[in-house]
Amino acid sequence: MEKFKPGFVLIDLDGTLIDSVPDLAYCVDEMMKQLDMPVRGEDAVRDWVGNGVQRLTERALVNSVDGMPDQDLMDKAYPIFLELYKDNNAIRSSVYPGVLEGIKWMKENGYRVGCVTNKAEAFTVPLLKDKGLYDLFEVVVSGDTCAEKKPHPMPLLHAAKLMGVEPENALMLGDSQSDVKAARAAGFHIFCMTYGYNHGEDIRDYNPDVVMDSFMELPNYLVAK
Ligand SMILES: O=C(O)COP(=O)(O)O
Ligand SMILES: [Mg+2]
């Protein structure tokens, strides 16, 4: 692929910037204990992340990526999860190796960067701040910023509009099929990370433009200053 210089780079959070599963799994399992139900563990939770905390709670309750719990159970469980995650969203989570270096390289080379996530804003902002990432982004679009979440293109188009950049001139960095679908529908270029969460599937099967093992590989595809 020929190197290019997008006018804007929009980066996914969970599974791309930050390994947030340890905190999410802790909260899922504490919730399950409070409900007198079996704990689910990190491996299961890793396959369920990517569609927001409400969908994660539903999946934990039914112990499957598909299906819906009874509304009564959900009404009991979801406030428990939210309360737990409020105090446990940046404790066990960590920034992936290479992320800071990659973003620093982009900024040194004149790139403008933003963050887009399906995580609700009440959790997104404190997590990015705790990990020292928040100030790197010109725009942060959370799961409840727009009427639709990824895989819908709306959050990406919203970010591009705020930045005054045409979608065809924008690049998304993500980890999941929702990122690929949202980027394709919005007209963004899309690079994906191999290390993230994609419901247990290989992200290569979703044909992003580029697949990378680390943000350190960005200079292989993006033009330097
Ligand atoms: O599922 C979530 O809460 C967020 O996931 P995302 O940051 O990968 O969009
Ligand atoms: Mg993700």
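The values are calculated or read from the model by the stated rules, or taken from the named source; none is laboratory data. Quantities reported herein were computed from a predicted structural model and do not represent experimental measurements. For neighbour counting, all protein chains shown are included, and Cβ atoms are generated from backbone atoms with ideal geometry for every residue, glycine included.
Being of a type in the set (D, E, K, R) and either touching a residue at least 24 places away in the same chain (Cβ under 8 Å) or part of a loop (DSSP other than H, G, I, E, B) (or both) is the filter here; which residues of region 29-54 pass it?
Of all residues in region 29-54, those of a type in the set (D, E, K, R) come to 29-30, 33, 36, 40, 42-43, 46-47.
Across region 29-54, the qualifying residues are Glu30, Asp36, Arg40, Arg46, Asp47.
For region 150-194, give me each residue that is of a type in the set (A, V, I, L, M), under 13 Å from the mean Cα position of the chain (by Cα) and farther than 18 Å from Val113 by Cβ.
Matches in region 150-194: Val180 only.
Filter region 49-81 down to residues that are exposed (fewer than 15 other Cβ atoms within 10 Å of the Cβ) and over 16 Å from Val39 (Cα atoms), then give me how many there are.
Final tally of qualifying residues: 8.
Out of (1) under 25 Å from Lys3 (Cβ atoms); (2) among the acidic types (Asp, Glu); (3) in contact with a Gly (Cβ under 9 Å, 6 or more places away or on another chain), the odd one out for Asp144 is which?
In the conditions (1) under 25 Å from Lys3 (Cβ atoms); (2) among the acidic types (Asp, Glu); (3) in contact with a Gly (Cβ under 9 Å, 6 or more places away or on another chain), Asp144 misses (1) alone.
For region 128-142, enumerate the residues that are touching a Phe, Trp or Tyr at 6+ places or on another chain (Cβ under 9 Å) and surrounded by 18 or more Cβ atoms within 10 Å (Cβ to Cβ).
Of all residues in region 128-142, those touching a Phe, Trp or Tyr at 6+ places or on another chain (Cβ under 9 Å) come to 128, 138-140, 142.
Of everything in region 128-142, those that are touching a Phe, Trp or Tyr at 6+ places or on another chain (Cβ under 9 Å) and surrounded by 18 or more Cβ atoms within 10 Å (Cβ to Cβ) turn out to be Leu128, Val139, Val140, Ser142.
Of Met163, Met154, Met193, which residue is in the same structural domain as Lys107 (by TED's automatic domain parsing) and within 12 Å of ligand 1 (Cβ to nearest atom)?
Values: Met163 fails: within 12 Å of ligand 1 (Cβ to nearest atom); Met154 fails: within 12 Å of ligand 1 (Cβ to nearest atom).
Among Met163, Met154, Met193, only Met193 is in the same structural domain as Lys107 (by TED's automatic domain parsing) and within 12 Å of ligand 1 (Cβ to nearest atom).
Could you say whether any residue in region 160-175 is free of Cβ contacts under 8 Å to residues at least 24 places away in the same chain, away from ligand 2 (no atom under 16 Å from the Cβ) and either among the aromatic types (Phe, Trp, Tyr) or touching a Leu at 6+ places or on another chain (Cβ under 8 Å) (or both)?
yes
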